[in-house]
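Undergrad: Mind looking over this structure? Questions follow.
Just so it is clear, none of the values below were taken in a lab; they were calculated from the coordinates. All figures in this text were calculated on a predicted structure; none of them were measured in a lab. Cβ placement follows ideal geometry from the backbone for every residue including glycine, while neighbour counts extend to all protein chains displayed.
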Amino acid sequence: MSFDVPFIRPVFPPAEVVAADVADIVESNWFTNFGPKERLFRQGLVDYLGSGTDVATFCNATLALVAALSVMLEGRPVGGFVIVPSFTFAAGPEAIRWVGREPLFIDIDEQSVQPSLPAARAALADHRGRVDAILFCNTFGIGAEEIGDWEALAAEEGIPLVVDSAAGFGSVYSDGSRVGTRGDCEVFSFHATKPFAIGEGGAVAARDARIAEACRSFSNFGFGSGGAIRAGLNGKLQEINAAIGIRQLAGFDADLVERRLVLERYRAAFEPTGLGRLVPHARLSSVCFASILVDDERRRDALLADYRAEGIEARVYYAPPVHLQPAFASAPRASSLRVTESVSARMLALPAFQGMAEDTFDTIARVAHDRLRRDLA
Ligand SMILES: *Cc1c(COP(=O)(O)O)cnc(C)c1O
């Protein structure tokens with residue numbers, strides 16, 4: 001089925017600009033392995049994040065997550081748990097397994113839909129000595145308000161805090177710090193479907209330059225002086241994707257302003273109906289889509305069908321949550337995942353990209369009002 005308004009419409013540099021970059025790359029005869037484009041892109045990311053944050057680039061965020069976890073757990077015995085929410089994308093729990101640990105799923109908070117701090121505390125108390133790390137997830141790329149409390153909890157426990165901020169490049173936390181500058185390190189995805197998109201790509205950002213450097217080494221077969229000095233693989237970013245990244249960085253902040261305005265249009269359409277609410281702090285994020293928590297499951301399903309029938313590609317997120325996916329059915333759950341299951345059944349994701357047509361917003365508001373009227377009838 002094709003939609004008038006697709007869920008995601010990546011904005012890429014014009015074809016002739018990309019062609020010029022390809023010509024440049026061919027001319028330099030340097031296609032990957034930390035070439036001039038990668039170095040310039042990496043510096044651009046460092047400058048964008050500020051606060052002395054260092055960056056290692058990757059060919060995707062999944063390998064960046066594996067690298068971050070592997071580096072943070074270097075030298076520790078395998079076989080323990082890593083706390084992670086189930087309300088996330090499968091790549092995080094999959095990365096945990098690639099570093100020889102098992103995900104220990106925790107619930108989320110109903111209000112913020114971010115990982116629940118009390119659930120993490122309870123999990124740590126119940127599994128004392130067996131939890132090796134926390135893989136925190138900034139849900140939908142929105143910087144969690146409680147990030148400082150999570151940092152304090154990890155420090156208290158003496159375990160690393162890795163943050164999956166895949167969709168969050170460009171987001172800020174509510175205290176004004178940039179997403180990418182917290183925890184032991186944060187991981188970004190630059191996949192074509194994320195707000196900051198280069199095709200396939202990712203990064204680890206860390207305030208401690210040694211962590212970024214170790215991740216870079218991990219992405220390059222674990223090489224150091226004398227050959228492989230740590231676990232590693234090939235996770236390097238290609239020059240062409242780095243070149244696209246350099247172009248994307250130039251216009252990114254202007255795009256963000258527009259995406260955040262789109263979100264305000266959704267707020268205006270939904271809030272008067274009382275059908276649902278936007279997830280908190282979304283306006284401080286880079287806005288991967290408009291996430292609306294509907295008050296009731298049947299209404300969410302009805303709205304999903306209504307929007308799709310109108311040519312607007314609505315989706316559900318994250319559904320099913322990871323603990324209900326077959327590969328993770330046997331993974332331990334720290335507690336009831338009741339809120340996760342309830343939110344997963346009520347979350348409605350609608351497109352939010354720059355350049356959405358004016359009449360799309362009229363349709364969005366009309367569909368919400370029609371649904372309300374039908375439900376009242
Ligand atoms: C997209 C995403 C990933 C994976 O990113 P890739 O670059 O596609 O590997 C991981 N975690 C979350 C939360 C994501 O949204």
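Undergrad: Evaluate E = 1/(1 + (r/R0)^6) for Glu16 and Glu110, where r is the Cβ-Cβ distance and R0 equals 56 Å; express this FRET efficiency to the nearest 0.05.
TA: The pair Glu16/Glu110 has a calculated efficiency of 0.70.
Undergrad: Can you give the convex hull volume per residue for the Cα atoms of segment 1-123, as a whole number of Å³? Spell out each step's value before the answer.
TA: Working: hull volume 26.8 nm³, N = 123.
With only Cα atoms used, segment 1-123 gives 218 Å³ per residue.
Undergrad: Counting only helical runs of four or more DSSP H residues, what would the 222 nm mean residue ellipticity of the chain come to if each run contributes -39,500 (n - 2.57) and the total is spread over all its residues? List each step's numbers first, then the result.
TA: On the way: 11 runs with 153 residues, N = 377.
Calculated mean residue ellipticity at 222 nm is -13000 deg cm²/dmol.
Undergrad: May I ask you to compute the full-extension gain from Asp208 to Ala254, defined as 0.36 nm times their residue separation minus their alpha-carbon distance, rounded to one decimal in nm?
TA: Values: separation 46, 0.36 × 46 = 16.56 nm, distance 2.96 nm.
Computed gain between Asp208 and Ala254 is 13.6 nm.
Undergrad: Quick one: Kirkwood hydrodynamic radius for segment 108-247, alpha-carbon pairs, angstrom, one decimal?
TA: 16.3 Å
Undergrad: Given bins 10 angstrom wide, list per bin the percent of all Cα-Cα distances in segment 177-251, short to long.
TA: Computed distribution, short to long bins: 18, 42, 34, 6, 0.
Undergrad: Hydropathy first: keep DSSP H helices in the chain averaging at least -1.0 on Kyte-Doolittle, then drop any whose Cα extent along the axis falls short of 27 Å, and list what survives. Kindly include the intermediate steps, with their values, before the conclusion.
TA: On the way: long enough: 239-270 (43 Å, 0.14); 358-376 (28 Å, -0.92).
Both cut-offs are met by 239-270, 358-376.
Undergrad: Still on this structure, I have one more. Taking neighbour counts of Cβ atoms within 10 Å as a proxy for exposure, in what order, fewest first, do Thr62, Thr57, Thr273 appear?
TA: Thr273, Thr62, Thr57
Undergrad: Roughly how large, in nm² to one decimal, is the mean projection of the convex hull of the alpha-carbon atoms in segment 223-377? Working shown, then result.
TA: Values: hull surface 56.9 nm².
Directional mean of the projected Cα hull area for segment 223-377 stands at 14.2 nm².
Undergrad: Using all C-alpha to C-alpha distances in the chain, build P(r) with 20 Å bins and read off the rounded percent in each one.
TA: 29, 56, 14, 0
Undergrad: Sorted from fewest to most neighbouring beta carbons within 10 Å, what does the list Ile229, Ile142, Ile96 look like?
TA: Neighbour counts put them in this order, fewest first: Ile229, Ile96, Ile142.
Undergrad: Using the Kirkwood radius over C-alpha pairs as Rh, can you work out the diffusion coefficient of segment 64-138 via Stokes-Einstein at 10 °C, viscosity 1.306 mPa s, in µm² per second?
TA: 128 µm²/s
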